[in-house]
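A.B. asks: The structure that follows is given in the form of structure tokens.
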Protein chains: 2
Amino acid sequence: MGRLQFHPSDAASMTSLAHFKVGVDNVIFSVDTTTNRLFVLLVLRQEPPFLGYWALPGTLVRQGESLEAAAYRTLAEKLQVQNLYLEQLYTFGAPEPDPGNGTGGDCVRYLSVSYFALVRYDDVHLLAMTDQPVAWHGVEDLPPLAFDHAQIVTYGHRRLCNKLEYSPVAFEVLPAQFTLNDLYQLYCTILGEQFSDYSNFRAKLLKLGFLADTGQKVSRGAGRPASLYRFDAEAFAPLKNKPLVFV
Amino acid sequence: MGRLQFHPSDAASMTSLAHFKVGVDNVIFSVDTTTNRLFVLLVLRQEPPFLGYWALPGTLVRQGESLEAAAYRTLAEKLQVQNLYLEQLYTFGAPEPDPGNGTGGDCVRYLSVSYFALVRYDDVHLLAMTDQPVAWHGVEDLPPLAFDHAQIVTYGHRRLCNKLEYSPVAFEVLPAQFTLNDLYQLYCTILGEQFSDYSNFRAKLLKLGFLADTGQKVSRGAGRPASLYRFDAEAFAPLKNKPLVFV
């Protein structure tokens, strides 16, 4: 798209154009619903720069390869997961400061197209790689990250909150049956505890009309048994393309 | 960001990487509230490929130039407008089919980062350029566009609808005082007539509590004089970071 906005023979302007390599970086979130922690997938760098730092799993785009294909390729080397759907997040491409070594701005620039997904924790199987360790890290307690990856994680977390507020993405990571408290805890884990109190949240979600009581109950701890609900996709269908808030 | 994901001396993998030029394409929307038409800004191409076709205003990124700077640069040549705020839309970068001329995948690829804005129609002054005509075109009645720009316009229109549903962007393009019917017409122009009936729309917007009746009325046509409202930014402030739907 937008390729060749100029005449190819316009050599004068060609020479002043930047040359790019393009990378993809993936922000893969998951929630461990047993411990209520939000995780992001990181790999440990085995090479300079940032040797020994954790980084988002990424790669550079190869000849003949689409951006999405590169993003899926690098993830396939690190994890097995069902129904991984990557969504484009943002493209970062600021020029690096002139290194002052006389090469001026003529060197190759790197541009990063970031992708984003939320996956069900139990559906993911991390692949043991001898050459590059891969692990989940708590978003609230990240180690120093390579490059500007901390900023990309922050951007991705904001997008995730947004999706939780405006779409039924929560039901893609909860088990098929869940209590209203499970659902509330998931929202708290991602949005932070102050987003809503439980009774408001409960009333609002039930009013939307797509949570179906299964008739079953579950006992946990000392309290009364809690009702198990399921997401009723059929009841949600007519709302699918309407603007809606979930919290 | 994400630059140098590999060791620079890893020459074997370097050779298979794609080489890119990066372009920016701008989807600038405006609404003529007197005729209720949604417009997008186009330029007439004076060079091959797509000589004589209309296209989104775009350019290729120069050495030392950020993506945003390139987007603003190419617009500054074509229009004067107050408070232009460009938002990143999407990055398109599929490899082109192998031309079959023996160059294989080794030629330069083009990647397009698209930007998006909605501007107030009366605030825009198009600059007369002898070398490249620039004009507003009705989104419902676009000519054939160069490259894949029709697809980018469609994508931008979807984002615009989304913003109208979830944010107070409408008040940035309406005059400071407006009737509820003016507001409804603006929504109809962008979302299509079927998004809501007038009385539902009216009730919902008034209930949100940030439309202030100015006490003034305006007469148009044969009907009763209609109340003029203004957007009350102070009343909206506490809602600003809450998930909210406007329609």
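A.B. asks: Where does the range A:139-209 land on Rg/Rh, using Cα atoms and the Kirkwood Rh?
C.D. replies: 1.04
A.B. asks: Turning to a different aspect of this structure: Counting each pair of different Cα atoms once, what's the Kirkwood radius of the range B:47-187 in Å, rounded to one decimal?
C.D. replies: 17.6 Å
A.B. asks: So for the range B:126-247, what are the equivalent ellipsoid semi-axes in whole Å, largest first, each being the square root of 5 times an eigenvalue of the Cα gyration tensor?
C.D. replies: With the √(5λ) rule applied to the range B:126-247, the semi-axes are 31, 19, 15 Å.
A.B. asks: Okay, next question. Suppose every K and R has +1 on its Cβ and every D and E has -1 on its Cβ; what is the size of the dipole of the protein assembly as shown about the Cα centre, in Debye to the nearest 20?
C.D. replies: With only Lys, Arg, Asp and Glu charged at Cβ, the dipole is about 1420 debye.
A.B. asks: Taking the beta-carbon count within 10 Å as an exposure proxy, list B:Tyr121, B:Tyr85, B:Tyr166 from fewest neighbours to most. Walk me through the numbers on the way to the answer.
C.D. replies: Details: B:Tyr121 16, B:Tyr85 10, B:Tyr166 19.
The order, fewest Cβ neighbours first, is B:Tyr85, B:Tyr121, B:Tyr166.
A.B. asks: What ratio of Cα Rg to 2.2 N^0.38 Å holds for the protein assembly as shown?
C.D. replies: Compactness ratio reported: 1.10.
A.B. asks: Right, another one. Put the label 7 Å from Cα along Cα→Cβ for B:Cys107; what are its distances to the other copies, in nanometres, shortest first?
C.D. replies: Ordered by increasing distance: 3.0 nm.
A.B. asks: To continue, here is another question. Taking amide H atoms as placed 1.01 Å from N in the peptide plane, list the residues 5 or more away in sequence, or in a different chain, whose amide H sits under 5 Å from that of A:Thr179.
C.D. replies: Residues meeting the amide H criterion: A:Tyr229.
A.B. asks: When the dipole is taken about the Cα centre of chain B, and only Lys, Arg (+1) and Asp, Glu (-1) are charged at their Cβ, what size is it in debye, to the nearest 20? Can you show the working numbers first?
C.D. replies: Details: 21 positive and 25 negative charges, 160 e Å.
Its charge dipole is roughly 760 debye.
A.B. asks: What residues qualify as long-range amide H neighbours of B:Leu17, i.e. H under 5 Å apart, gap of 5 or more or another chain, H built at 1.01 Å from N?
C.D. replies: For B:Leu17, the qualifying residues are A:Gln63.
A.B. asks: Give me the Kirkwood hydrodynamic radius of the range B:170-239 in Å, from all C-alpha pairs, to one decimal place?
C.D. replies: Details: mean 1/r = 0.0779 Å⁻¹.
One over the average 1/r among Cα pairs gives 12.8 Å for the range B:170-239.
A.B. asks: Which value at 222 nm does chain A reach when only helices count, each DSSP H run of 4 or more adding -39,500 (n - 2.57), with the total divided by all residues and rounded to the nearest 500 deg cm²/dmol?
C.D. replies: -7500 deg cm²/dmol
A.B. asks: Sticking with this one: Hey, any idea what the orientation-averaged projected area of the convex hull of chain B's Cα atoms comes to, in nm²?
C.D. replies: Projected area, direction-averaged: 18.2 nm².
A.B. asks: Cross-link partners among aspartates and glutamates for B:Lys240, C-alpha distance below 16 Å, same-chain residues fewer than 8 apart left out?
C.D. replies: Of all the aspartates and glutamates, those that pass the test against B:Lys240 - Cα under 16 Å, at least 8 places apart if same chain - are A:Glu165, B:Glu165, B:Glu172, B:Asp232.
A.B. asks: Let me ask another. Of A:Lys78/B:Lys163; A:Lys163/B:Lys204; B:Lys21/B:Lys78, which ones are farther than 31 Å apart at the Cα?
C.D. replies: Beyond 31 Å between Cα atoms: A:Lys78/B:Lys163.
A.B. asks: Let me ask another. May I ask for the distance between the Cα centers of the range B:194-247 and the range B:127-187, given as a whole number of Å?
C.D. replies: Between the Cα centre of the range B:194-247 and that of the range B:127-187, the gap is 21 Å.
A.B. asks: Helix B:180-191 versus the longest principal axis of chain B: what is the Cα-based angle in degrees, 0 to 90, to the nearest 10?
C.D. replies: Compared with the principal axis, the helix lies near 20 degrees.
A.B. asks: From the label point of B:Pro133, set 7 Å from Cα along Cα→Cβ, how far away are the matching label points in the other copies, in nm, ordered shortest to longest?
C.D. replies: Taking the point 7 Å beyond Cα along Cα→Cβ, the inter-copy spacings are 6.5 nm.
A.B. asks: Okay, moving on. Taking amide H atoms as placed 1.01 Å from N in the peptide plane, list the residues 5 or more away in sequence, or in a different chain, whose amide H sits under 5 Å from that of A:Phe147.
C.D. replies: none
A.B. asks: Further question on the same structure: Taking neighbour Cβ counts within 10 Å as the exposure measure, how do B:Leu44, B:Leu239 sort from fewest upward?
C.D. replies: B:Leu239, B:Leu44
A.B. asks: Please give the helix B:149-166 orientation as an angle from the longest Cα principal axis of chain B, in degrees from 0 to 90, rounded to the nearest 10.
C.D. replies: Its long axis makes an angle of about 40 degrees.
Taken together, the values in this text are just the output of simple stated rules run on the coordinates, not laboratory data. This is a predicted model, so every value here is computed, not measured. Note: ideal-geometry Cβ built from the backbone for every residue, glycine included; neighbour counts use all protein chains shown.
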